[in-house]
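Asker: The following block contains the structure, expressed as structure tokens.
The values are calculated or read from the model by the stated rules, or taken from the named source; none is laboratory data. A quick note: this is a predicted structure, and the numbers were derived from the prediction, not measured. No Cβ is skipped: glycine too gets one built from the backbone with ideal geometry, and neighbour counts run over all protein chains shown.
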């Protein structure tokens with residue numbers, strides 16, 4: 001079994017081209033497992049022709065339900081819930097699933113054990129076959145918690161599939177931002193590629209993402225997308241990256257071919273665009289280092 005290299009593509013903000021770039025790895029690498037860890041809004045499968053072969057249920061935390069046949073209407077659950085998740089409807093008490101945090105205090109206090117506590121279904125994890133490997137993605141149930149834990153489960157599944165199929169590269173399409181899902185995406189990885197854009201908000205959120213990879217001591221690469229919309233900010237991003245020990249890769253100019261490729265449900269790789277050649281070089285440099 002060869003060593004498995006895990007490379008995460010992250011961004012401080014959304015809309016900078018992270019998923020578009022992640023999909024390009026599928027076009028360029030001979031074999032890989034790619035994990036879409038943006039579990040709140042996964043969309044990598046739109047750009048990758050994938051055949052779903054397995055679905056797993058993701059359970060985390062608890063959900064509670066009141067058995068109306070056992071309930072004696074004492075109101076202890078209603079009075080004790082700090083989240084106001086128990087509502088009085090006529091003479092009955094009911095759980096508001098959106099407000100309920102699953103702490104289970106009502107379950108503990110109920111004198112007649114009329115409240116049942118069961119593991120909560122929070123989403124699903126999907127395994128799909130692609131032309132040169134596998135795609136692992138997931139869907140977090142609307143309003144559900146534990147997106148970070150779901151990201152970890154997606155990565156565990158990707159690692160399992162890579163080991164079973166003797167694949168030595170896992171590409172992680174991370175979520176935007178620096179919260180719990182982003183942290184779960186980069187913990188224990190080999191390399192991180194921060195993709196950002198030459199805008200004020202892009203620069204601000206790039207600094208946050210860079211601080212995150214520094215904290216976890218991850219070898220970091222930086223790529224500026226649409227650098228030519230504001231060369232001054234692009235230069236500042238590069239300077240701060242180098243100052244903080246990151247490796248600056250080639251810059252990608254604003255390119256309308258990205259939009260036309262996305263409309264067709266394809267990556268920019270394979271077009272005659274100059275950006276396609278730049279991205280190929282970026283992927284090559286990351287793998288070589």
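Asker: Looking at 25, 83, which is the one that is in the same structural domain as residue 109 (by TED's automatic domain parsing) and either within 30 Å of residue 271 (Cβ to Cβ) or out of contact with any helix residue (DSSP H, G or I) (no Cβ under 9 Å at 6 or more places or on another chain) (or both)?
Answerer: On inspection, the qualifying residue turns out to be 83.
Asker: Quick one: count up the residues across the stretch 262-275 that are part of a helix (DSSP H, G or I) and either in contact (Cβ under 8 Å) with a residue 24 or more places away in the chain or on the phi > 0 side of the Ramachandran plot (or both).
Answerer: Here the count works out to 1.
Asker: Moving to a separate point now. Within the bounds of the stretch 106-119, is there any residue that is closer than 30 Å to residue 160 by Cα and in contact with a strand residue (DSSP E or B) (Cβ under 7 Å, 6 or more places away or on another chain)?
Answerer: yes
Asker: Here are some conditions: (1) under 25 Å from the mean Cα position of the chain (by Cα); (2) over 19 Å from residue 26 (Cβ atoms). Residue 267 meets all but one. Which one does it not meet?
Answerer: The one condition residue 267 does not meet is (2).
Asker: Here's a follow-up. Which one of these is surrounded by 18 or more Cβ atoms within 10 Å (Cβ to Cβ), at pLDDT 90 or above and closer than 14 Å to residue 62 by Cβ: 95, 125, 86?
Answerer: Exactly one of 95, 125, 86 is surrounded by 18 or more Cβ atoms within 10 Å (Cβ to Cβ), at pLDDT 90 or above and closer than 14 Å to residue 62 by Cβ, namely 95.
Asker: When you go through 183, 170, 178 one by one, which is the residue that is closer than 13 Å to residue 8 by Cβ, modelled with pLDDT under 95 and under 16 Å from the mean Cα position of the chain (by Cα)?
Answerer: 178
Asker: Another question, if that's okay. What residue, of 259, 232, 284, is assigned to a helix (DSSP H, G or I), at pLDDT 95 or above and loosely packed, with under 14 Cβ neighbours inside 10 Å?
Answerer: Of 259, 232, 284, the one residue that is assigned to a helix (DSSP H, G or I), at pLDDT 95 or above and loosely packed, with under 14 Cβ neighbours inside 10 Å is 232.
Asker: Can we say residue 207 is surrounded by fewer than 21 Cβ atoms within 10 Å (Cβ to Cβ), assigned by TED's automatic domain parsing to the domain that holds residue 244 and in contact with a helix residue (DSSP H, G or I) (Cβ under 7 Å, 6 or more places away or on another chain)?
Answerer: The answer is yes for residue 207.
Asker: Still on this structure: If we keep just the residues of the stretch 106-116 that are in contact with a helix residue (DSSP H, G or I) (Cβ under 8 Å, 6 or more places away or on another chain) and surrounded by fewer than 16 Cβ atoms within 10 Å (Cβ to Cβ), which is farthest from residue 60 (Cα to Cα)?
Answerer: 111
Asker: Here are 145, 164: which of them is over 21 Å from the mean Cα position of the chain (by Cα) and in the same structural domain as residue 207 (by TED's automatic domain parsing)?
Answerer: Every option except 164 fails the conditions.
Asker: Sticking with this structure for a sec: Residue under question is residue 72, and the condition is that it be more than 23 Å from residue 285 (Cα to Cα), assigned to a loop (DSSP other than H, G, I, E, B) and in contact with a helix residue (DSSP H, G or I) (Cβ under 6 Å, 6 or more places away or on another chain); does it hold?
Answerer: Judged against the criteria, residue 72 is not a match.
Asker: Give just the number: which of (1) at negative phi; (2) at pLDDT 95 or above; (3) surrounded by 20 or more Cβ atoms within 10 Å (Cβ to Cβ) does residue 133 not satisfy?
Answerer: Of (1) at negative phi; (2) at pLDDT 95 or above; (3) surrounded by 20 or more Cβ atoms within 10 Å (Cβ to Cβ), only one is false for residue 133: (1).
Asker: Which condition number does residue 75 fail, the rest of (1) more than 28 Å from residue 175 (Cβ to Cβ); (2) buried (at least 20 other Cβ atoms within 10 Å of the Cβ) being met?
Answerer: Evaluating residue 75 over (1) more than 28 Å from residue 175 (Cβ to Cβ); (2) buried (at least 20 other Cβ atoms within 10 Å of the Cβ) leaves (2) as the failure.
Asker: Right, another one. Would you say residue 163 is in contact with a strand residue (DSSP E or B) (Cβ under 6 Å, 6 or more places away or on another chain) and closer than 22 Å to residue 33 by Cβ?
Answerer: So residue 163 fails the test.
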